[in-house]
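Worksheet: the structure to be examined is printed underneath.
The values are calculated or read from the model by the stated rules, or taken from the named source; none is laboratory data. Just so it is clear, the structure is predicted and the values come from calculations on it, not from any experiment. Please note: Cβ atoms are built from the backbone with ideal geometry, for glycine as well, and neighbour counts cover all protein chains shown.
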Amino acid sequence: MADGEGRGGAMTSEQTLDSTELDVVIVGAGVSGLYALYHLRGLGYRVRVYEQGGDVGGTWYWNRYPGCRCDIESLEYSFSFDEKLEQEWQWPERYGTQPEILRYLNHVVDRHNLRNDIAFNCPITSATFNADANQWVLLTGDGQRITSRFCIMATGNLSTPRVPDYEGLDAFQGKWYHTGQWPHDGVDFTG
């Protein structure tokens with residue numbers, strides 16, 4: 001599989017979900033979304049994550065520019081809910097690289113079978129609370145309507161790029177790249 005394809009797995013936005021049975025919808029499959037999914041599932045909630053990207057990781061999925069790495073010690077990215085994993089997992093560097101952090105997150109997802117409760121390539125375009133029905137009504141990018149009792153916005157603040165308003169950028173004819181929108185197949189700078 002190519003680096004940017006994503007593992008996907010359980011479900012895509014094209015599949016029909018019985019959303020009337022959901023207690024919680026989580027928007028985003030980054031570190032916080034995965035943590036919430038693990039804990040809420042363990043508490044017996046019927047929960048589903050909706051992720052606009054093709055795989056888990058949040059900012060570590062989207063930000064793939066050369067040299068991307070964590071600015072805190074890798075150990076701080078370890079989930080504390082799995083003591084055995086904490087002892088087994090060996091971070092190769094003190095400050096993990098993007099590929100290594102993404103590898104860790106995918107390992108956790110697969111180890112705890114979280115992928116089955118994540119809809120990939122399924123952006124949420126609207127989330128409204130219906131006070132009369134006491135539930136959230138969410139719409140996906142393809143128009144699917146989802147309802148749930150609770151909604152957790154685990155979208156993070158590092159996954160939405162801010163493109164500077166440089167004068168003349170809209171008229172620029174060449175290729176340009178933003179670190180938060182780096183092509184998943186990389187960029188060839190030779191020549």
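Do we have any residue at all in region 131-140 that's within 17 Å of the chain's Cα centre (by Cα) and either surrounded by fewer than 20 Cβ atoms within 10 Å (Cβ to Cβ) or among the β-branched types (Val, Ile, Thr) (or both)? Within region 131-140 (the criterion being within 17 Å of the chain's Cα centre (by Cα) and either surrounded by fewer than 20 Cβ atoms within 10 Å (Cβ to Cβ) or among the β-branched types (Val, Ile, Thr) (or both)), the answer is yes, since at least one residue qualifies. Per this entry, residue 44 is counted among residues that are farther than 16 Å from residue 108 by Cα, modelled with pLDDT of 95 or more and of a type in the set (Gly, Ala, Ser). When residue 107 is tested against (1) of a type outside the set (Ser, Thr, Tyr); (2) under 21 Å from residue 155 (Cβ atoms); (3) not in a loop (DSSP other than H, G, I, E, B), only condition (2) is not met. Out of 92, 99, one residue alone is in a helix (DSSP H, G or I), out of contact with any His (no Cβ under 9 Å at 6 or more places or on another chain) and closer than 19 Å to residue 79 by Cα. It is 99.
Filter region 142-152 down to residues that are surrounded by 14 or more Cβ atoms within 10 Å (Cβ to Cβ), of a type outside the set (Val, Ile, Thr) and within 19 Å of the chain's Cα centre (by Cα), then give me how many there are.
The qualifying residues number 2.
Selection of region 146-168 for residues being basic (Lys, Arg) and under 29 Å from residue 181 (Cβ atoms) yields only 162. When residue 81 is tested against (1) assigned to a helix (DSSP H, G or I); (2) touching a residue at least 24 places away in the same chain (Cβ under 8 Å); (3) surrounded by fewer than 17 Cβ atoms within 10 Å (Cβ to Cβ), exactly one condition is not met: (1). Within region 111-130, which residues are more than 14 Å from the chain's Cα centre (by Cα) and under 18 Å from residue 153 (Cβ atoms)? Matches in region 111-130: 125, 126, 127, 128, 129, 130. Scanning region 137-168 for residues that are farther than 20 Å from residue 62 by Cα, part of a loop (DSSP other than H, G, I, E, B) and modelled with pLDDT of 95 or more yields a total of 1. From the list 106, 121, the lone residue that is in contact (Cβ under 8 Å) with a residue 60 or more places away in the chain, surrounded by 10 or more Cβ atoms within 10 Å (Cβ to Cβ), touching a strand residue (DSSP E or B) at 6+ places or on another chain (Cβ under 6 Å) and under 17 Å from residue 60 (Cα atoms) is 121. Here residue 75 does not fit the description of being over 19 Å from the mean Cα position of the chain (by Cα), modelled with pLDDT of 90 or more, surrounded by fewer than 18 Cβ atoms within 10 Å (Cβ to Cβ) and among the aliphatic types (A, V, I, L, M).
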